[in-house]
Every structure is written in structure tokens, then in C-alpha cells.
1. From the list LEU155, LEU98, exactly one residue is modelled with pLDDT of 75 or more and not β-branched (Val, Ile, Thr). Which is it?
2. Just checking, how many residues over region 1-42 are among the β-branched types (Val, Ile, Thr), modelled with pLDDT of 75 or more and either within 15 Å of the chain's Cα centre (by Cα) or outside any strand (DSSP E or B) (or both)?
3. Filter region 8-31 for residues that are crowded, with 19+ Cβ neighbours inside 10 Å, out of contact with any Gly (no Cβ under 8 Å at 6 or more places or on another chain) and either among the aliphatic types (A, V, I, L, M) or within 17 Å of VAL56 (Cα to Cα) (or both) and give the result.
4. Considering only region 91-113, state which residues are in a helix (DSSP H, G or I) and either aromatic (Phe, Trp, Tyr) or touching a Phe, Trp or Tyr at 6+ places or on another chain (Cβ under 7 Å) (or both).
5. Going by the structure shown, is ARG131 of a type in the set (D, E, K, R) and farther than 16 Å from TYR26 by Cα?
6. Which one is surrounded by the fewest Cβ atoms within 10 Å (Cβ to Cβ), of the residues in region 54-86 that are touching a Ser or Thr at 6+ places or on another chain (Cβ under 9 Å) and within 20 Å of PHE10 (Cα to Cα)?
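The values are calculated or read from the model by the stated rules, or taken from the named source; none is laboratory data. Small disclaimer: the values here were computed from a predicted structure and weren't measured. FYI the Cβ positions are ideal-geometry reconstructions off the backbone, even for glycines, and counts take in every protein chain you see.
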Amino acid sequence: MTLENNDELFHTPEKVLKLTRNEALYIDDSLTVMLDAADGGMMFSAMRPLVASANVPAPLDLIEKIAVAVLFTMDDNNAGTLAEVNLNDGDLLSLRELCQSYVKIDDEPVGYNLKRKIYMALYGNEYNLGRQLDDVLGAFTPDRKSIPHPSGSNLEDEDFTNL
């Protein structure tokens, strides 16, 4: 994924991130509202001071998406059901900034699970395609004995019809 402009990150097709209650709460606890600049552009300023706990400034629409996920996972009618959140690449990269792989909540490896989900959403297709190519190409081992390589021969003299 290469993008020329940071604004393009927030205009990519949305991907679904399925969150547990603990994951949604962890994200919500780690985000702070990003304030808009007067000229309409985004400014990386936060409502609360950023501290070593990796609070990440986020646009209001991302905070709203996570808030709905929190409410969904806390609703007794949805007990155990994962909240589906539609996020663009910019949102996913913002969430990546707050995930610490060692974080556990109630024995759930929240940080690790979030990193895996975020990276699969961002890079999973390319990774899986690469693995498939490796599997196919790795299984392909040409039989070197079938390719004639007489020493001192000229390529123009070779008979390639039987290859």
C-alpha cells in the first residue's frame, strides 16, 4: 500500500474490523478527540494531554464508530457478538499506533489480537497472495537435466523445441 498523499489514506475503501468488547473498550480508552483547525484542515491537537499511555488523536467520525462498537458489545442482546466497524486505511493506521502487543484484558490478548486484525485488514491480501506465489513457485523445481547446456555451445545452435 503506497499512497502519495496522507489525505488519500482517509479516502480508501473501508474494511471491516470485528471487535470484541475488550478490544472496543481498549481502543476507546486510547483515543482522544482530534480538533479541527479553523481553515477546515485537520490539526493534530488533542482535548486531553497526550501521555505515555499512547493516547492517539482521532477524528470525531472514528471516535463515533468506536463508540457505537462499545455500545453494541455492552448491549446484553448482543452478548458475545463481535462489533463490525467499517474503517478506512487512515483509521486503521491510527489504531495501529495505539496497539501494544503485550496488553491483556481479562486474559484476552487484546493488543496482539488488534495488531493481527489491523495488519490483516491493511496488508492481508498482499500477504496471502505472496504466500500463494511462494507455495506455487517453491514447489516448482525445474529438472536441470532436461535443459541442454553443452559446454561451448552457441545459443543460436540450441534446439529449444523439446523444452
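1. The unique qualifying residue is LEU98.
2. Residues meeting the conditions: 4.
3. LEU17, LEU19, GLU23, ALA24, ILE27, SER30, LEU31
4. VAL110, GLY111, TYR112, listed by residue number.
5. So ARG131 passes the test.
6. Ranking the qualifying residues of region 54-86, first place goes to ILE63.
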